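Below is one structure, written out as structure tokens; comments come after it.
The values are calculated or read from the model by the stated rules, or taken from the named source; none is laboratory data. These figures come from a predicted structure and were not determined experimentally. As a convention, Cβ positions derive from the backbone with ideal geometry for all residues, glycine included, and neighbour counts pool all protein chains shown. Ligands, DNA and RNA are excluded from the accessible area calculation, which covers all protein heavy atoms including side chains. Shrake-Rupley method; radii C 1.70, N 1.55, O 1.52, S 1.80 Å.
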Amino acid sequence: MSPVIPIRQEKTSGCQTPEVVQERGQREVFCGLTGIIWLHRKIQDAFFLVVGSRTCAHLIQSAAGVMIFAEPRFGTAIIDERDLAGLADANEELDRVVTELLERRPDIKMLFLVGSCPSEVIKLDLSRAAYRLNTQFGSSVNVLNYSGSGIETTFTQGEDACLAAIVPTLPAKNNKGKKLLVVGTLADVVEDQFRNLFNKMGIIDVDFFPPRRSTEMPSVGPGTEFLLAQPFLADTARELEALGAKHLPAPFPLGAMGTSAWLEQAAKSFGVSEKTFEATIEAPKKRALHALAKHRVELNGKKIFFFPDSQLEIPLARFLHTELGMHLSEVGTPYLHRRHLEAELLQIPASTRIVEGQDVDEQLDRCRADAPDLVVCGLGLANPLEAEGFTTKWAIELVFTPIQGFEQAGDLAGLFSRPLIRRLKLVA
Ligand code: SF4
């Protein structure tokens, strides 16, 4: 019998949001270590030391590709069989690895000890290790810890765990004025575009978290209002709220309409006039709509099925449905944070099957029965599904590619239209 547990259907402001069913079964999702790939590119003076096994080392090395241009900013302190058998003092070994690393790399200003399945199995207390190392090296480097283990986290949850670990160390905001904080890793080019738009509207005090350098951490406190740039930051948002920051609920900045609505929430809260807001977004929004039009020809009316992977699935489904006319067959997501996704769910047809969690065999059966035109899934499922004749899109690309904002709307649509066009060419 399928372990599908229906949860209550909720109504908001008279509008109906789709029913969400939960599945608990075998999952096919990366662990949270994957987040290191984009986090190490963003925070340029940070180092991510995975305390894990050779499997963990292989995962991040193969996901990141070979780094030949710079000294890498992630590595693995290997826990071997001796440690697993409790024969060696893993703490001593960790201290030795960190000491060597920091002596060799004085450019490292923030060091993350990243927990893994093996470090959890041997119950290595990384928060105590971080405290101990901060006492030793605290003047030159800030040592923090979080878990990216496959037992505790999936894929993008690694970023949430990392940012949530930083928040309590952020400087306190020492004035009563309002400031805007954009939360979630964005490509530098996207960050620059958003900063420019906010400044044009007259919102000058705006910070991005995480910043490009650990020495540029934003201050937070009452008066901070934050927009989430990513839908998978539940713990980070909770930590920010604990410091007195206020969340501005909005759809996520995907597509022309999503980006407009996201910017508008900030504009409203910061007292920007409608005229200034419209004048600011007019030209870039027009460019986005123009870029989307050619992809709409390919995607309109096509059926799409999402396997759970990045937690971006619900905002992406909303974008593909409302802006490109795609038909949503099933939208799977590893976790669904209802409060953060409410504005998205209201725009998804109530008949859409939304599934939180996964039972991969059941889901594969539903996918085959639905016969979608396009399947969004992880790397492990893509090849077998292609072999069965499905057209697939790797979910991981959606995390590694700059997709937010007006200027990226066309590229985002292209990530979905290209596999369909390629398939058409292959069968022609
Ligand atoms: Fe595998 Fe766990 Fe290491 Fe992730 S943390 S690579 S799931 S052993």
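The set of residues in the stretch 399-409 being surrounded by fewer than 21 Cβ atoms within 10 Å (Cβ to Cβ) and outside any loop (DSSP other than H, G, I, E, B) consists of Phe400 alone. Would you call Ser351 touching a strand residue (DSSP E or B) at 6+ places or on another chain (Cβ under 7 Å) and not in a helix (DSSP H, G or I)? In short, no. Note on the stretch 314-333: residues that are touching an Asp or Glu at 6+ places or on another chain (Cβ under 7 Å), of a type outside the set (A, V, I, L, M, F, W, C) and not in a helix (DSSP H, G or I) total 4. Residues that are farther than 16 Å from His40 by Cα and within 10 Å of the ligand (Cβ to nearest atom) within the stretch 130-157 comprise Ser149, Gly150, Ile151, Glu152, Thr153, Thr154, listed in sequence order.
Would you pick out the residues in the stretch 295-313 that are open to solvent by 10 Å² or more (accessible area, probe 1.4 Å), assigned to a helix (DSSP H, G or I) and in contact with a Gly (Cβ under 8 Å, 6 or more places away or on another chain)? Matches in the stretch 295-313: His295, Arg296. Picking from residues in the stretch 37-63 that are within 11 Å of the ligand (Cβ to nearest atom) and touching a strand residue (DSSP E or B) at 6+ places or on another chain (Cβ under 8 Å), the one that is modelled with the lowest pLDDT is Ile60.
Only residues that are within 17 Å of the chain's Cα centre (by Cα) and among the hydrophobic types (A, V, I, L, M, F, W, C) were counted in the stretch 190-216, giving 3. The numbered conditions (1) in contact (Cβ under 8 Å) with a residue 60 or more places away in the chain; (2) open to solvent by 50 Å² or more (accessible area, probe 1.4 Å) are all true for Ile396 except (2).
Output the qualifying pairs, or none if there are none: Cβ atoms under 7 angstrom, residues six or more apart or on different chains, first residue in the stretch 24-38 and farther than 15 Å from Gly378 by Cβ, second residue β-branched (Val, Ile, Thr) and within 10 Å of the ligand (Cβ to nearest atom). Every condition considered, the pairs that remain are Ile36/Ile60; Ile36/Val114. Residues in the stretch 372-384 that are surrounded by fewer than 19 Cβ atoms within 10 Å (Cβ to Cβ) and either assigned to a strand (DSSP E or B) or free of Cβ contacts under 8 Å to residues at least 24 places away in the same chain (or both): 3 in all. Within the stretch 224-239, restricting attention to residues that are in contact (Cβ under 8 Å) with a residue 60 or more places away in the chain and among the acidic types (Asp, Glu), which residue is farthest from Phe400 (Cα to Cα)? Result: Glu239. Quick check on Leu336: is it closer than 17 Å to Thr156 by Cβ and either open to solvent by 10 Å² or more (accessible area, probe 1.4 Å) or of a type in the set (Lys, Arg) (or both)? Against the criterion (closer than 17 Å to Thr156 by Cβ and either open to solvent by 10 Å² or more (accessible area, probe 1.4 Å) or of a type in the set (Lys, Arg) (or both)), Leu336 qualifies.
Of all residues in the stretch 106-129, those being away from the ligand (no atom under 16 Å from the Cβ) and open to solvent by 10 Å² or more (accessible area, probe 1.4 Å) number 6. If you take the residues in the stretch 244-272 that are under 19 Å from Arg318 (Cα atoms) and polar (S, T, N, Q), which one is nearest to the chain's Cα centre (by Cα)? Step by step, filter the stretch 244-272, then rank; the result is Thr259. Just name the residue that is nearest to the ligand (Cβ to nearest atom) out of those in the stretch 19-36 that are under 15 Å from Tyr335 (Cα atoms) and hydrophobic (A, V, I, L, M, F, W, C). Here the answer is Cys31. Of all residues in the stretch 208-262, those that are closer than 30 Å to Leu289 by Cβ, part of a helix (DSSP H, G or I) and either of a type in the set (Asp, Glu) or touching a strand residue (DSSP E or B) at 6+ places or on another chain (Cβ under 8 Å) (or both) total 2.
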